[in-house]
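Written out below as structure tokens is the structure these notes cover.
The values are calculated or read from the model by the stated rules, or taken from the named source; none is laboratory data. From a predicted model like this one, the values you see are computed outputs, not experimental measurements. We place every Cβ from the backbone using ideal geometry, glycine too, and count neighbours over all the protein chains shown.
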Amino acid sequence: MQKYIDAFIKSFTGTLDWTIKSVLFEVPWYLNYFWGLIIISLVVWGLEIIFPWRKQQSIFRMDFWLDGFYMFFNFFLFAIAISGFYELLGVFFKDIGVKMKTLAILDMGTWPMWAQLILFFVILDFVQWFTHTLLHKYSFFWKFHKVHHSVKEMGFAAHLRYHWMENILYKPLKTFGVMLLGGFEPEQAYIVHFLAISIGHFNHANLKITWGPLKYVFNNPVMHLYHHAYELPEGRYGVNFGISLSIWDYIFGTHYIPEDSGTIRLGFPGDENFPKDFLHQNTYGFKKGQD
């Protein structure tokens with residue numbers, strides 16, 4: 001039991017210490033996710049201000065500050081709080097003989113770094129696409145995912161407005177994806193991390209970008225806006241589930257972009273009764289009778 005307690009404390013304090021050092025510029029710049037997030041956010045927000053898609057939308061759009069709080073809560077405060085529990089699970093699985101290479105189907109150790117990064121990016125993105133479909137398909141997950149879909153005006157910070165419970169599903173499945181790669185995470189994985197943040201910010205931004213022919217590969221603001229549409233095609237529980245890549249939606253037939261005016265209503269049926277503040281949004285899913 002003591003080793004579990006020690007592992008929990010070590011992971012929690014280590015994550016807290018790393019975050020503090022990041023704020024104080026005491027970690028390598030390429031691993032400084034705190035200031036990296038701020039820089040990416042300012043760049044995309046600046047582009048929104050200069051080249052707004054929906055010109056009637058305010059620079060400080062509806063729920064701008066709420067979404068800003070969500071960004072730092074989900075990426076840092078919650079990450080610190082939950083880090084010890086993830087470490088406990090790692091120790092537990094190790095004790096019962098489940099190792100990172102147990103499910104390995106590939107050995108990427110000898111691959112060129114660029115190939116490692118691409119495959120790592122693609123595998124994790126597919127896992128996230130699949131997880132995202134589950135958040136919409138099953139009512140238990142959807143009642144928590146509603147937090148993300150309560151956004152009524154899109155902007156870069158809406159990217160990270162999500163309920164912390166989503167991590168309970170995303171994190172294990174992403175770990176499973178890494179296990180399929182032999183537990184291997186490229187040394188330069190920070191490139192994938194910053195790329196994913198950038199694409200996610202762009203997808204939610206008030207920018208009309210489609211990437212030209214690359215729209216069939218990379219997700220974009222026009223495509224993702226319809227993921228947040230109030231009205232969905234009949235019989236569909238969601239569309240355009242892509243996180244960084246759009247290719248999965250085109251492969252599995254979940255793509256839907258009927259027009260590109262950017263003026264559609266966002267949200268979901270009944271969202272007028274959905275809480276508007278952080279605390280009640282994050283307790284909503286735990287109440288009986290919610291769907």
Qualifying residue in region 180-188 (condition: over 18 Å from residue 149 (Cα atoms) and of a type in the set (S, T, N, Q)): yes
Determine if region 200-210 includes at least one residue that is farther than 18 Å from residue 256 by Cα, free of Cβ contacts under 8 Å to residues at least 60 places away in the same chain and assigned to a helix (DSSP H, G or I). yes
Would a scan of region 220-238 turn up a residue that is over 23 Å from residue 161 (Cα atoms) and of a type in the set (Val, Ile, Thr)? no
Every residue from region 211-246 that is surrounded by fewer than 16 Cβ atoms within 10 Å (Cβ to Cβ) and part of a loop (DSSP other than H, G, I, E, B): 217, 230, 231, 233, 234, 235, 236, 237
Given 178, 151, which one is modelled with pLDDT of 95 or more and either surrounded by 19 or more Cβ atoms within 10 Å (Cβ to Cβ) or over 13 Å from the mean Cα position of the chain (by Cα) (or both)? 151
For region 247-291, what are the residues that are surrounded by 14 or more Cβ atoms within 10 Å (Cβ to Cβ), free of Cβ contacts under 8 Å to residues at least 40 places away in the same chain, of a type in the set (Phe, Trp, Tyr) and not in a loop (DSSP other than H, G, I, E, B)? 250
